[in-house]
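What follows is a short report on a single structure.
The values are calculated or read from the model by the stated rules, or taken from the named source; none is laboratory data. Quick caveat: nothing in here was measured; it's all calculated off a predicted structure. Quick reminder, even Gly has a Cβ in these numbers, built from the backbone with ideal geometry, and neighbours come from all protein chains shown. Ligands, DNA and RNA are stripped out before the accessible areas are found, and what is left, the full protein with its side chains, is counted by its heavy atoms. Shrake-Rupley method; radii C 1.70, N 1.55, O 1.52, S 1.80 Å.
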Amino acid sequence: MTWLTIGAFAKACRLSPKALRLYDELDLLRPARVDPGTGYRYYAAEQLEHARLVAWLRRLGMPLARIREVCALPPGLAAREIRAYWAGVEAETAARADLAAFLVGHLSGETGRDTTTMLELRYAARSDRGHVRSANQDTVYAGHRLLAVADGCGAAGARASAAAVDALKSLEDAELSAGNVLNLLEDAVRSADEAVREAAGGLPDAGTTLTALLWTGSRLALAHIGDSRAYLLRDGGLFRITHDHSVVQSLIDEGRLTPEEADSHPQRMLLAKALPANGSATADLKLREARDGDRYLLCSDGLSRQVSDLRIRELVGGGGEPADVARELVDEANAVGGGDNVSVVVADVVPARPPVPAG
């Protein structure tokens, strides 16, 4: 067997001797031999592939504890675990990217858009019981500032979803700016959490999802908890801008389940987060720059579980008015079975209409 000194091994695998000593202590990368007299570490050439994998994963920023788990897996499972880790990194980064862009523009005075063009929302909302459910537990709302979809669950689901949306409606008349909108939205979600607790009346299974967009006149603030969704149609592409808080999505993120397997998983309806939350209302909060021509879709899972993203893209991108598209989306969900309540909000970012002269 060929022995490599710690210095030669470090050079070959691009890990420093200091890192190798640390990984030895953590039982992440043990030397093949330790001299009993000097304590000097030696490594086998066969360990280089393992060491290089550790080095690459560290460059990804993966924590050492998770690297240990990945290295213990067979190659196929290790690849799935790395994919799941990176998906989590991208989701976390995307959640902060819009806020960072806002802060740069706000502090530098460069918003990156034509401030002479005033924008507004043109919107429509639609909700339907579907063909299977005995009642509609969804609540949907669209106003000149607030767009919201909530999907209630449990015996008091309808009350819960209505309470969540009602708690946000005060934002229609609030003094909003890009600088304070996320704080106001976060406060409103906490109020919604309290309102849902009261509406649930102590029933343990009662709750609701909540996905909402709040318009400032130049930006949209997003609050999201649960598995209702928000999509953005921009430049012909449809992008999901929320991340499902569901058990199966967590399994997909961890690499333990494929999206195809999730469709038939027995826990596909089980939420990982919802209102009322355990402790504080831990909703995702984001700030998005609005562009003329953007189209936003908010929907309950009665649409997203039954209609493919490809078909949603066809309908949302078809060029119809928001009210027509909202009707088409609900009709499509019902046409493929209508197995759940279905609710949608469609909103376009458009140039503001000039004010009508008085008199």
With every protein chain in place, region 198-307: carbon and sulfur % of accessible area (1.4 Å): 47
Rounded to the nearest Å, the spacing of the alpha-carbon centers of region 1-65 and region 255-308 is 42
Here the relative contact order (percent) of the chain, from C-alpha pairs under 8 Å and at least 6 apart, is 19
Top mean-square fluctuation among D284, D24, D331, Gaussian network model of the chain, C-alpha springs under 10 Å? D24
Return the calculated 222 nm mean residue ellipticity for the chain, to the nearest 500 deg cm²/dmol, obtained by summing -39500 (n - 2.57) across DSSP H runs with n ≥ 4 and dividing by the residue count. -12000 deg cm²/dmol
Positive end of the charge dipole of region 198-301 (Lys, Arg +1 and Asp, Glu -1 on Cβ, about the Cα centre): tell me which of H243, L270, L203 has its Cα farthest that way. H243
Would you list, by chain and number, the lysines whose Cα falls below 28 Å from the Cα of K169, excluding same-chain residues fewer than 8 positions away? K273, K286
Return the lysines within reach of K11: Cα separation strictly under 26 angstrom, same-chain partners fewer than 8 residues apart disregarded; answer none if there are no such residues. none
